[in-house]
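The values are calculated or read from the model by the stated rules, or taken from the named source; none is laboratory data. Note that the coordinates shown come from a computational prediction; the quantities given were computed from them, not determined experimentally. We place every Cβ from the backbone using ideal geometry, glycine too, and count neighbours over all the protein chains shown. The accessibility values were calculated without ligands, DNA or RNA, using every heavy atom of the protein model including side chains. Shrake-Rupley method; radii C 1.70, N 1.55, O 1.52, S 1.80 Å.
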Amino acid sequence: MTNRKIVIIGPAHPIRGGLAAFNERLARQLAAQGNEVSIHTFSFQYPGFMFPGKTQYAEGPGPADLRIFRTVHSLNPLNWRKTGLRIRKEKPDLVIVAYWLPLMAMSLGSIARMIRGNKHTRVIGLVHNLIPHEKRPGDAVLNRYFVNSCDAFITLSKEVLADIRQLTAKPAVFAPHPVYDSFGNAVSAAEAKQRLGLDAGKRYLLFFGFIRAYKGLDLLLEAMRDERIKAVSNLELLVAGEFYEDRKKYEPLLSDHVKVISDFIPDSEVKYYFSAADLVVQPYKTATQSGISQMAYHFEKPMLVTAVGGLPEIVPDGKAGYVTAPNAKAIADGILRFLSQPPGVFSNFIREQKQLYSWEHFVNTLGTLQ
């Protein structure tokens with residue numbers, strides 16, 4: 001898929017977070033293969049009362065190597081028409097629309113329909129998630145509106161592909177979430193611990209990313225209170241991420257074995273958290289797929305995930321780490337199982353598996369929808 005004019009519609013700088021990082025990395029891969037690429041991001045994404053974090057926006061200048069336009073207002077129908085007509089007039093060969101939440105269906109779906117009116121552009125829905133973790137009335141209607149607005153779909157998990165199949169027979173493919181390789185290379189554990197002010201003699205579990213109810217941090221905190229875990233004197237849990245809900249519900253579960261950094265972690269610091277960790281833990285209650293797993297693969301770290309959604313597809317049990325039931329005792333059992341293994345037992349498999357999650361493979365799969 002080369003020498004094409006391609007537009008990506010979805011979060012990008014100054015919007016922050018995993019979706020923005022994904023779209024920017026995808027744009028770079030498409031450009032590296034000889035395409036003319038631009039991103040249309042949001043001038044307005046969420047109303048303040050709907051956004052649970054401290055800010056939706058990243059600090060500092062945007063990436064100098066990308067063409068990013070702040071054009072999409074998620075709640076303004078006049079803007080949808082204006083943006084759709086602008087892109088329709090440019091006649092890109094391909095428009096990739098990132099979709100993750102029914103709230104965005106009307107804006108993104110309306111823009112997509114407007115663009116397709118030029119009878120030239122093919123619109124592909126890049127569906128991170130179709131059925132939301134926190135369900136609301138009207139989700140099904142909104143999802144159908146978006147799905148009917150696209151020509152084809154690419155998903156990051158087989159579960160989401162199955163959800164798409166329930167709504168349409170249009171072309172749709174699955175490609176695993178590629179590794180997040182835009183956070184720099186790993187550093188030594190000693191350097192990472194020194195940078196973060198951690199104890200050089202301790203082993204660290206890492207819970208990373210936005211803290212929301214479905215991600216199961218409460219289960220992991222309960223696991224850390226298991227008497228068997230508490231008996232491991234040199235073990236500590238590092239929780240690194242911004243609370244997207246009330247922190248107070250978690251405070252009774254905190255213990256001396258837990259260190260919380262309750263801030264958004266800037267891209268330049270991500271490598272230190274993963275490099276300091278012995279095991280990355282994703283105790284999710286529900287999931288489709290997760291960019292955190294692909295960050296762990298990039299930094300070649302073993303994982304403990306729960307058996308929900310597409311997580312076991314990405315983390316084969318006993319090979320890249322462990323898969324447990326989504327409850328505190330099972331998670332504690334998995335942590336103890338990991339601690340009983342010699343260091344590096346998963347390294348070779350993780351290093352080999354990492355090669356399968358390339359951006360080139362993702363773009364090549366995307367190309368099959370042309």
**Q.** segment 121-142-segment 185-259 distance, computed between alpha-carbon centres (Å)
**A.** 32 Å
Q | Whole-Hz couplings from phi, Karplus 6.51/-1.76/1.60, listed for segment 65-74; x for Gly and Pro | A | 8, 10, 9, 10, 10, 8, 10, 9, 10, 5
Q) HN-Hα J couplings of segment 295-311 from phi, Karplus 6.51/-1.76/1.60, θ = phi - 60°, integer Hz, Gly and Pro as x? A) 5, 4, 4, 4, 8, 6, 10, x, 10, 10, 10, 8, 7, 10, x, x, 4
Q) When all alpha-carbon pairs of segment 1-158 are counted, what percent fall beyond 19 Å? A) 52 percent
**Q.** Exposure rule at most 12 other beta-carbon atoms within 10 Å, DSSP loop GluC sites (Glu not before Pro): the chain longest free segment
**A.** 135-370
Q) Which cross-chain or sequence-distant (5 or more) residues have an amide H under 5 Å from the amide H of Ser43, H modelled 1.01 Å from N in plane? A) Thr71, Val72, His73
Q) Where in segment 68-131 are there trypsin sites (Lys or Arg not before Pro) that are in a DSSP coil and have at most 16 other Cβ atoms within 10 angstrom of their Cβ? A) Lys119
**Q.** Karplus 3J(HN,Hα) series, Hz, for segment 149-157 with 6.51 cos²θ - 1.76 cosθ + 1.60 (x for Gly, Pro)
**A.** 8, 10, 8, 7, 9, 10, 10, 9, 8
Q) In terms of modelled amide H atoms, which long-range or inter-chain residues lie less than 5 Å from the amide H of Phe153? A) Gly125, Ala172, Val173
Q: Would you work out if segment 152-224 is rounded, prolate or oblate? Take a ≥ b ≥ c from the square roots of the eigenvalues of the alpha-carbon gyration tensor; rounded if a/c is under 1.5, else prolate when a/b is larger than b/c, oblate otherwise.
A: oblate
Q: Give, to the nearest whole percent, the P(r) tail of the chain beyond 27 angstrom, counting all Cα pairs.
A: 48 percent
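Per residue, how much accessible area does segment 1-156 show when a 1.4 Å probe rolls over the protein heavy atoms, in square angstrom?
It amounts to 42 Å² per residue over segment 1-156.
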Q | Surface share of carbon and sulfur [accessible, 1.4 angstrom probe, percent] for the chain | A | 51 percent
Q. So what's the back-of-envelope 222 nm ellipticity for the chain, counting only DSSP H runs of four-plus at -39500 (n - 2.57) apiece and dividing by all residues, rounded to 500?
A. -10000 deg cm²/dmol
